[in-house]
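The values are calculated or read from the model by the stated rules, or taken from the named source; none is laboratory data. Computed from a prediction, not measured in an experiment: that's the story for all the values here. Cβ sites come from the backbone with ideal geometry, for glycine too, and all protein chains shown count toward neighbours.
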Amino acid sequence: MNKMTTILSPPTNDPTPTAMPSPQEDTSVRQQIQNIIASCADFLSLSQREITKATKDRRITEWEDVNFHHNAATFTACGVPASSQSTRDHLRKEMPSLIENLRHLENDMGNLNADFKLSSTPTESLHPKARQLEAKVRKLSEQVDAVLMDCKLLKESHAILYGSLNLETILPFAREKAEKKGPIFDIGLKLYQLTADHPVTDEDFKSLDDFFDEANKQEALLNNISLEGIPKLATSVIKEQIKNALRVTSMIKDGIDLLRETFSIEHKHIRDTEKRLAQLKDEDLLRLLASIDEEAQALLKDIMRFHHKAHHMNKIYDIQETLLLLQFLQRTIKKDLQNELREKINDRDSPLNPANAAEKASQRFLEGPKGFWRGSKLLLRLIMQKPALNLVSFENKLKQALNNCPTFYTSDENSVPLENFINENLIVYEAPFPRNDLYVIMKECIIDYGKSVEDFCRFFKVDISSISDKKGSVTIKKLIKKILTNATKILK
């Protein structure tokens with residue numbers, strides 16, 4: 001609002017009559033009056049337009065008949081400001097008064113404008129009336145600002161209420177309706193949250209989706225375990241453990257998929273309730289508030305349906321425990337097991353040292369009754385000037401075999417790979433003697449060494465006290481058996 005300054009002749013003590021305003025002064029006063037009338041017209045136009053818009057805005061008018069006391073719990077759950085009631089009450093009081101005051105202002109402005117245009121009244125007498133009109137505009141401007149602020153706050157409260165209406169906001173009302181069934185309701189709610197396909201606000205709470213992601217993570221970590229610096233025969237033993245662990249990850253994921261399917265009907269009911277809540281956002285405010293109780297009752301029934309399948313909670317606990325055990329197994333294979341195995345392999349006195357195992361195996365050729373006859377045959381070959389067996393060379397071949405043999409796991413149906421590997425390494429020796437005897441010794445050496453590595457890995461201790469609530473450790477063999485047993489129960 002422009003501030004006007006009155007240009008009048010200054011007061012004087014001269015007894016002579018006051019001089020008439022000059023033409024220039026008269027023009028300035030007329031311009032001020034015109035500006036005041038124009039400014040008042042702009043104010044009226046803008047104010048009436050905004051007030052009319054507010055009286056037709058359902059986001060404002062729908063608050064008129066709302067019982068704030070009756071719906072206090074709903075407003076609190078949805079985060080509607082507690083000051084909304086006082087805002088509504090202030091608007092209810094001020095809006096009629098403002099509309100009436102604007103009507104009076106419009107009349108006053110019209111009268112002043114008419115007098116001014118007809119010039120029937122001297123400019124000097126119209127100027128005070130213009131000032132009075134300007135003062136009214138200034139006072140009404142504050143009232144308009146206050147009313148429009150009320151409208152703005154009520155629209156914000158409306159947006160908060162409609163934007164916050166979801167399952168989470170009506171959940172407390174559903175729990176309240178559960179009354180004495182509270183513990184049963186909580187079990188059903190937990191099953192719903194565990195099997196839901198959207199995240200729970202509590203970061204510490206894990207759902208089936210989180211467990212599925214963890215299974216994928218462990219699967220990737222197991223597939224990417226590096227086995228450097230370990231003989232191939234030993235790595236084949238560790239890979240067998242990794243294979244069992246990977247089998248568990250697949251079983252866990254299959255079990256999670258089965259659980260999701262088990263609760264599909266229950267989640268359909270929840271989705272139906274969510275759809276109805278979404279549709280309420282197209283309803284007026286009173287209809288929405290009146291429907292909260294009905295939807296809370298529906299949600300109560302939805303949650304109780306989950307409780308009817310509470311026995312499946314044990315499978316979820318099995319999934320959670322199995323994943324924790326799988327994490328321990330994966331970390332142990334990746335670090336602790338390999339580090340200690342490398343130490344044993346590099347220890348010259350350890351049976352896991354390939355050179356030590358090869359040396360002992362090569363000595364079997366001349367040990368015992370069979371060794372006596374083999375020695376006799378070698379002596380005979382020397383007499384006949386045939387190629388003799390160099391045991392040092394054979395020992396080196398045994399060492400190379402332990403380092404390079406891809407696996408010692410064989411069966412009656414699938415022993416070809418190991419046989420082919422041994423024959424390829426012994427092809428330089430004459431058959432049937434000494435090649436057949438060397439074949440037996442090399443095969444026994446590979447199997448014995450593999451079993452030693454296998455025993456070391458199977459009986460390697462893993463500390464699981466952090467999840468078993470008691471101090472102690474378990475062997476990898478028992479750990480794998482436990483996670484396979486759990487995984488099997490998950491699929492039942």
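Listing for the model above:
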quantity: Residue that is surrounded by the most Cβ atoms within 10 Å (Cβ to Cβ) [pool: residues in region 246-294 that are small (Gly, Ala, Ser) and within 26 Å of the chain's Cα centre (by Cα)]; calculated: Gly255
quantity: From the options Lys117, Lys129, residue that is assigned to a helix (DSSP H, G or I) and loosely packed, with under 12 Cβ neighbours inside 10 Å; calculated: Lys117
quantity: Exclusive hit being under 43 Å from the mean Cα position of the chain (by Cα) and part of a helix (DSSP H, G or I), set Leu46, Leu112, Leu148; calculated: Leu148
quantity: Close pairs (6 angstrom Cβ cut-off, 6 or more residues apart or separate chains): under 21 Å from Cys78 (Cα atoms) in region 259-280, in a loop (DSSP other than H, G, I, E, B) anywhere; calculated: Leu277/Leu165
quantity: Near pairs, Cβ below 6 angstrom, 6+ apart or cross-chain, from region 309-331 (of a type in the set (A, V, I, L, M) and surrounded by fewer than 19 Cβ atoms within 10 Å (Cβ to Cβ)) to any residue that is modelled with pLDDT under 95 and in a helix (DSSP H, G or I); calculated: Ala310/Ile187; Leu324/Ile467
quantity: Of residues in region 390-404 being hydrophobic (A, V, I, L, M, F, W, C) and within 16 Å of Ile422 (Cβ to Cβ), the one surrounded by the most Cβ atoms within 10 Å (Cβ to Cβ); calculated: Leu402
quantity: Only listed residue being more than 20 Å from Lys190 (Cα to Cα), of a type in the set (A, V, I, L, M) and in contact with a helix residue (DSSP H, G or I) (Cβ under 6 Å, 6 or more places away or on another chain), chosen from Leu300, Leu288; calculated: Leu288
quantity: Output for region 214-224, where each listed residue is touching a residue at least 60 places away in the same chain (Cβ under 8 Å) and either outside the structural domain of Ala487 (by TED's automatic domain parsing) or crowded, with 19+ Cβ neighbours inside 10 Å (or both); calculated: Glu214, Ala215, Gln218, Leu222
quantity: Residue match in region 154-163 (condition: modelled with pLDDT under 95 and either among the acidic types (Asp, Glu) or not in a helix (DSSP H, G or I) (or both)); calculated: no
quantity: Qualifying positions in region 290-329 - acidic (Asp, Glu) and within 27 Å of Pro172 (Cβ to Cβ); calculated: Asp293, Glu294, Glu295, Asp302
quantity: Residue check for Leu161: surrounded by 19 or more Cβ atoms within 10 Å (Cβ to Cβ) and either among the aliphatic types (A, V, I, L, M) or in contact with a Ser or Thr (Cβ under 8 Å, 6 or more places away or on another chain) (or both); calculated: yes
quantity: Single condition Thr235 does not satisfy, out of (1) in contact (Cβ under 8 Å) with a residue 12 or more places away in the chain; (2) assigned by TED's automatic domain parsing to the domain that holds Asn314; (3) β-branched (Val, Ile, Thr); calculated: (1)
quantity: Ala234 at pLDDT 95 or above and either surrounded by fewer than 17 Cβ atoms within 10 Å (Cβ to Cβ) or of a type in the set (A, V, I, L, M) (or both); calculated: no
quantity: Pro96 assigned to a helix (DSSP H, G or I), under 30 Å from Asp282 (Cα atoms) and not charged (D, E, K, R); calculated: yes
quantity: Subset of region 354-381 (residues that are crowded, with 19+ Cβ neighbours inside 10 Å and not small (Gly, Ala, Ser)); calculated: Pro354, Phe365, Arg374
quantity: Extreme residue, nearest to the chain's Cα centre (by Cα), among residues of region 164-199 that are part of a loop (DSSP other than H, G, I, E, B) and within 22 Å of Ile292 (Cα to Cα); calculated: Asn166
quantity: Of the criteria (1) in contact with a helix residue (DSSP H, G or I) (Cβ under 7 Å, 6 or more places away or on another chain); (2) closer than 26 Å to Thr488 by Cα, which one Lys243 fails; calculated: (1)
quantity: Residue in region 424-457 that is surrounded by the fewest Cβ atoms within 10 Å (Cβ to Cβ), counting only those that are aliphatic (A, V, I, L, M), touching a helix residue (DSSP H, G or I) at 6+ places or on another chain (Cβ under 7 Å) and closer than 20 Å to Ala234 by Cα; calculated: Ile441
quantity: Residue within region 267-278 that is under 24 Å from Leu191 (Cβ atoms), acidic (Asp, Glu) and assigned to a helix (DSSP H, G or I) present; calculated: yes
quantity: Of all residues making up region 420-467, the number that are at pLDDT below 90, over 30 Å from Leu329 (Cβ atoms) and among the acidic types (Asp, Glu); calculated: 1
quantity: Any hit, region 15-33, residues being among the hydroxyl-bearing types (Ser, Thr, Tyr), farther than 24 Å from Asp150 by Cβ, surrounded by fewer than 17 Cβ atoms within 10 Å (Cβ to Cβ) and modelled with pLDDT of 80 or more; calculated: yes
quantity: Residue check for Ile230: in a loop (DSSP other than H, G, I, E, B), under 30 Å from Ile333 (Cα atoms) and in the same structural domain as Phe460 (by TED's automatic domain parsing); calculated: yes
quantity: Selection from region 299-338 of residues that are within 24 Å of the chain's Cα centre (by Cα) and basic (Lys, Arg); calculated: Lys315
quantity: Any hit, region 126-143, residues being touching a Cys at 6+ places or on another chain (Cβ under 8 Å) and either under 17 Å from Met95 (Cα atoms) or among the polar types (S, T, N, Q) (or both); calculated: yes
quantity: Selected residue (criterion: farthest from Glu62 (Cα to Cα)) from residues of region 78-109 that are without any contact (Cβ under 8 Å) to a residue 60 or more places away in the chain and surrounded by 14 or more Cβ atoms within 10 Å (Cβ to Cβ); calculated: Asp108
